[in-house]
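The values are calculated or read from the model by the stated rules, or taken from the named source; none is laboratory data. Computed from a predicted structure; not experimentally measured. Quick reminder, even Gly has a Cβ in these numbers, built from the backbone with ideal geometry, and neighbours come from all protein chains shown. Ligands, DNA and RNA are excluded from the accessible area calculation, which covers all protein heavy atoms including side chains. Shrake-Rupley method; radii C 1.70, N 1.55, O 1.52, S 1.80 Å.
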Amino acid sequence: MTRQFERQFLEVLSTALGGRGWQAVLEPRLGDLRPDALVTKDGFTLIVEVRFSAREARSSWVLDLADQVLRFDRLLSPIAGSYGLLVTDAEVPSRLVAASSRYPVAIHQGSSQQDMGEFVEDLCGTCESLIRRRHGVSTVEQTELFGDSNISSNRLGSSSSRNLSIAASGFSYHSGDSATRDRFQEESYFELQIAQLTDILGPHHPTVLSLRSELAQIRQSEEMYREVIDDQLSFLGADSPDVLDTKTALAALLSQKGSYGEAVDLYLEASQQAVGVYGPDSQKSLILLNNLASAYMAIGRTGEAVEIYSDVLEKRMTALGRDHPDVVLSQNNLANTLRELGRTQEAISIFMRALDTSRRVLGIEHPTTLTVQNNLASAFAEAGAIGEAMELYEDTLADRVRILGPDHPETLTARNNLAFSYMEAGDIDRAVPLIEQTLSDRVRILGGDHPETLISQNNLANAYLESGQVDRAITLHKEVLEARTRVLGPKHPVTLNSRNNLGNAYLMSGSPDRSVELFADTLTLCREVLGADHPDTLTAQGNFGLALQAEEDFDEATSVLADTLHHRLRLLGPNHPDTIQAQIDLALVHAQAGDYTEGARLLGVAEEYSVIVFGPDDAKTQWIRRSRERLLAM
């Protein structure tokens, strides 16, 4: 085969990958790097080298490609990492497979007799398998922004700005001819590779341990990860980069399963180890610090998360420049965390800078650009700028429909968020049909028990509650709680949020006794799973106090709500929106119990800080002022 054939092969591959959402550049010139092709998707980069018409694959091919990957990482620091892909029709001896597994290189072996279309289709499967099996989670927040987390004491469908950040890990061994297999076939393939390489290298060789870690990821097995870590510590030592990678992968899995406390411990260990192995300013260390901040967010240590995100952002700007994509991602993460602290105007300012850079550097249709645009819209909504939020949400939805199609998960998320803005604007008649459509599409595309389907079902229940259809809301919230209990378990944080949502629906239905019972149990579970100071725990505690108030148990309600205010003052300060709301809740229970003086005093404090946070003409500030005036007149 000639170089002309290899070029033709790469052109066919480029076209096929383009249909799967990849971007391919043939024979790019990056400094002194000259790969055959560079293909990217969602921030992940594959450096492709094609070697046809040789009898046996050579070790120099692997070494040269691994060197290109490392130099490319230093040059551009891609968002989700880079990897080498060697494509060949030559025989690949087992000794080369064993050696190559220690490098960031996958080998895809095809047959010279294979049809080109079939060969390319298999290779596309390899690319998809590599990006699927990369360790970690998405860099930029992709979560639903309405009605799926905290039920605030005064609003239905309160939004969550939880931030999913970069999870770092090295790659282990990938082989192209397993790429198109389903999960169970992949398990069998890796089991076979582990057995074969164990015979060649022994059971405790770094390659074999990395393969076992890869199998643990495919199986999503905590037990297997822990066994691999124990063996790596025993045979490689605590300072081995492989231990760091496996700890990080386990921490990411624990976060996905809601075991945030243990994930924090592992991320802290891994970040400290990375500083020792790679240095405090290395990209690896910064990625792990980013993960640690995200884990802190999950357990309510938001102030510490802000400090870490700020430090990571500053170091990235110094090392990479203000226009680097990783800087945009750090700005996004910091801005989302500031939203959690109620510092919405600061968040908006940072989001706007990130969006301007992302549009200029990555383009207006890049996934990062659209995500930052979506998050800016959410911040505008939180600041009461509903018109600006709605316009951005509408733009984001139109862009995602055009680029990704109407059924893509991100398109469905964009439609959900537009519905949220309609609800914030009080246009429930426009919101409900959009949420119903999103739910119907997710059931059709993802199935009834998929987490995103349950988010839509939860959102629709909250929309029904907002529109006064309380019985329909209760029915849907019961279904979501049952499904999440079955799929995630009764103590998963998302399941606890569903318990909160159902309790709120009971409260709105005029059944405070059922609400009190459910909130009391939920509060106990939140304290056990999340800790007493976690934001979700304090939300559950506030809701429990409101339910006691509805039952006219004013003494107990006052005690619970006063304790909630005490915790929020200590953790968030007096000018956080959640603290202001806790002041209002406590004021109203005092007023309902007949203590108008104390109620007016507390509303006066709430008004003072509402003016600072929301402004003197904001609807919330005006409502507090009118309520205080009524109490003073009694």
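When you count the other C-beta atoms within 10 angstrom of each residue and take the mean per peptide, 391-397, 235-241 line up highest first as 391-397, 235-241. What percent of all Cα-Cα pairs in region 238-287 falls in each 10 Å bin, counting up from 0? Pairs per bin, as whole percents: 30, 52, 18, 0. Between helix 577-592 and the chain there is an angle of about 30 degrees, using the helix long axis and the longest principal axis of the Cα atoms. Charge tally around GLU27: other residues with Cβ under 10 Å, Lys/Arg +1 each, Asp/Glu -1 each, net +2.
ASP230 contributes about 90 Å² of solvent-accessible surface, heavy atoms of the protein only, 1.4 Å probe.
Among residues other than ASP64 with Cβ under 10 Å from its Cβ, the summed charge is -1 (Lys and Arg +1, Asp and Glu -1). Amide H contacts of PHE44: ALA80, each under 5 Å away and 5 or more positions distant or on a separate chain (H built 1.01 Å from N in the peptide plane; Pro and chain starts excluded). The lysines within cross-link reach of LYS41, meaning a Cα-to-Cα straight distance under 22 Å and a gap of 8 or more places when in the same chain, are LYS284. Take the alpha carbon gyration tensor of region 305-356, find the square roots of its eigenvalues, order them as a ≥ b ≥ c, and report rounded if a/c is under 1.5; if not, report prolate when a/b exceeds b/c, else oblate. Taking the square roots of the gyration eigenvalues as a ≥ b ≥ c, region 305-356 is oblate.
Count charges around THR357 for me, please; just the other residues with Cβ under 14 Å from its Cβ, Lys/Arg as +1, Asp/Glu as -1. Here the charged neighbours net out to +2. Computed over Cα pairs, the Kirkwood radius of region 537-620 leads via Stokes-Einstein (0.890 mPa s, 25 °C) to a diffusion coefficient of 193 µm² per second. Across HIS590, HIS534, HIS566, HIS204, the residue with the most accessible area heads the list, and the full order at a 1.4 Å probe is HIS566, HIS204, HIS590, HIS534. Note on LYS247: accessible area is roughly 30 Å² with a 1.4 Å probe, heavy atoms of protein only. Of the Cα atoms belonging to region 216-267, the radius of gyration and Dmax stand at 10.5, 31 Å.
Rounded if a/c is under 1.5, else prolate if a/b is larger than b/c, else oblate: which is region 354-466, with a ≥ b ≥ c the root eigenvalues of its Cα gyration tensor? Oblate shape, in that a/c is at least 1.5 and b/c is the bigger or equal ratio. THR40 contributes an accessible area of around 40 Å² to the protein surface, as traced by a 1.4 Å probe with all chains present. Listed by chain and number, the lysines placed with their C-alpha closer than 25 angstrom to that of LYS491 are LYS247, LYS257, LYS478; residues fewer than eight positions away on the same chain are left out. Beyond 13 Å, the tail of the calculated P(r) for region 1-68 holds 67 percent of the Cα pairs. Taken along the Cα-to-beta-carbon direction at a fixed 7 Å, the label points for ASP429 and LEU26 span 5.6 nm.
Highest-first packing order for the peptide set 326-339, 262-275, 618-631 is 326-339, 262-275, 618-631, based on the mean count of other beta carbon atoms within 10 Å.
Checking (i) 85, 72, 59; (ii) 74, 67, 47; (iii) 95, 50, 47 against Cα extents along the principal axes in Å calculated from these atoms, the matching label is (iii).
Under the simplified labelling scheme, the ALA593-THR318 pair shows an inter-label distance of 5.3 nm, with each label point 7 Å from Cα along Cα→Cβ.
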